[in-house]
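All remarks here apply to the structure that follows.
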Amino acid sequence: MSTDTGHAATHVGREIRHQPQAWATALSLLPDLTDLLPQPGERVAVIGCGTSWFMAAAYASRRELGGAGETDHFAASQFPAARRYDRVVAISRSGTTTEVVRAIEATGSPVVAITAVRDSPVEQVADHTIVLDFADELSVVQTVFATTVLMLLRGSLGESLEPVIAQASEVLASENPYPPELVHVDQITFLGQDWAFGVAQEAALKLREAAQGWTEAYPQMEYRHGPISVAQPGRAVWVFGRPVPGLASDIAATGAQLVDAELDPVADLVRAQLLAVSRAQAQRLHPDQPRNLTRSVVLAQDARPTP
């Protein structure tokens, strides 16, 4: 099964394939962006909505695990604006997401926004803005912008990411980037430990958005605390990163298919993105036009939550 078949006819398919190039471009910009991004030891919050929230979660966990400083993450609508941070990182592909704009306006902490669109509402209210316009997208379903932001932020932590770019390129060149039977399983649970949990959440979201799939996402160690009850033959469990001890045998006992690979979680996410497009096309759905979704959520002026 070639990943080119049918994918090139969609915006999201082309954008998935653009990721390695976009990551390399973002990393080449790091020397000029270092002062705008969180510094070692700073207390940081990262906010976003939907996919951007999951990228915020992955980066926040990665930064803390690496000892770079206390890092919180929030859905923008849940951001505690009265809490003080040395820096807030706000992620919004379109720069128009209402909850992100409101969160920036409400905080007294300095804000750097990362977006794909110049002169957006987010740029107007942030203290500084990083525009990754080379990673902008036509599809409603986010792929390249989100992963490019995460790779940029990982690069700012000093990670060497050339191997991740190489892995993703190999995935995209593969005739069989994922087990073919995954196109037809009736349920997939995605698992990730520590920072990979944010990536697992994003993988689950991609299949829900593009293919209306029944997907769930959990930390690996939480899976046995209830979610494993839905595992059975004809369903799959996809693990980002190395499975924790005993997990593989527990999944095998259910009859569900275990999916894992010796890949960086972001490179492995590319496999899940490709699967989302294939499952959508197998169901005669248009992955660029997910049901009930738009490119950005812009709320009416009076659409504020009641305290």
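Just so you know, all these numbers are worked out from the coordinates, no wet-lab data involved. What you are looking at is a predicted structure, and each value in this text was computed from that prediction instead of being measured. Virtual Cβ from ideal backbone geometry, glycine too; neighbours counted across all protein chains shown.
Structure data summary
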| quantity | calculated |
| --- | --- |
| Pairs where the first residue, in segment 193-209, is in contact (Cβ under 8 Å) with a residue 24 or more places away in the chain and the second is surrounded by fewer than 23 Cβ atoms within 10 Å (Cβ to Cβ) and among the basic types (Lys, Arg), C-beta under 6 Å, 6+ apart | TRP195/ARG62 |
| Residue within segment 112-123 that is in contact with a Phe, Trp or Tyr (Cβ under 9 Å, 6 or more places away or on another chain), over 19 Å from PHE54 (Cα atoms), without any contact (Cβ under 8 Å) to a residue 40 or more places away in the chain and not basic (Lys, Arg) present | no |
| Hey, THR98 β-branched (Val, Ile, Thr), touching a Pro at 6+ places or on another chain (Cβ under 9 Å) and surrounded by 15 or more Cβ atoms within 10 Å (Cβ to Cβ) or not | yes |
| Any hit, segment 245-267, residues being without any contact (Cβ under 8 Å) to a residue 60 or more places away in the chain, assigned to a strand (DSSP E or B) and in contact with a Ser or Thr (Cβ under 9 Å, 6 or more places away or on another chain) | no |
| Where TRP195 falls short, out of the listed (1) among the hydrophobic types (A, V, I, L, M, F, W, C); (2) out of contact with any Lys or Arg (no Cβ under 7 Å at 6 or more places or on another chain); (3) under 27 Å from VAL46 (Cβ atoms) | (2) |
| Condition check for GLY234: within 17 Å of VAL141 (Cβ to Cβ) and either of a type in the set (A, V, I, L, M, F, W, C) or assigned to a loop (DSSP other than H, G, I, E, B) (or both) | no |
| Subset of segment 249-264 that is of a type in the set (A, V, I, L, M) and farther than 16 Å from GLU222 by Cβ - its residue that is farthest from the chain's Cα centre (by Cα) | ALA253 |
| Leading residue by the ranking (surrounded by the most Cβ atoms within 10 Å (Cβ to Cβ)) among those in segment 187-230 that are of a type in the set (Gly, Ala, Ser) and in a loop (DSSP other than H, G, I, E, B) | GLY213 |
| Candidates ASP268, ASP264, filtered to the one that is touching a helix residue (DSSP H, G or I) at 6+ places or on another chain (Cβ under 9 Å) and under 20 Å from TRP53 (Cβ atoms) | ASP268 |
| Positions within segment 134-178 being surrounded by 19 or more Cβ atoms within 10 Å (Cβ to Cβ), of a type in the set (Phe, Trp, Tyr) and assigned to a helix (DSSP H, G or I), in sequence order | PHE145 |
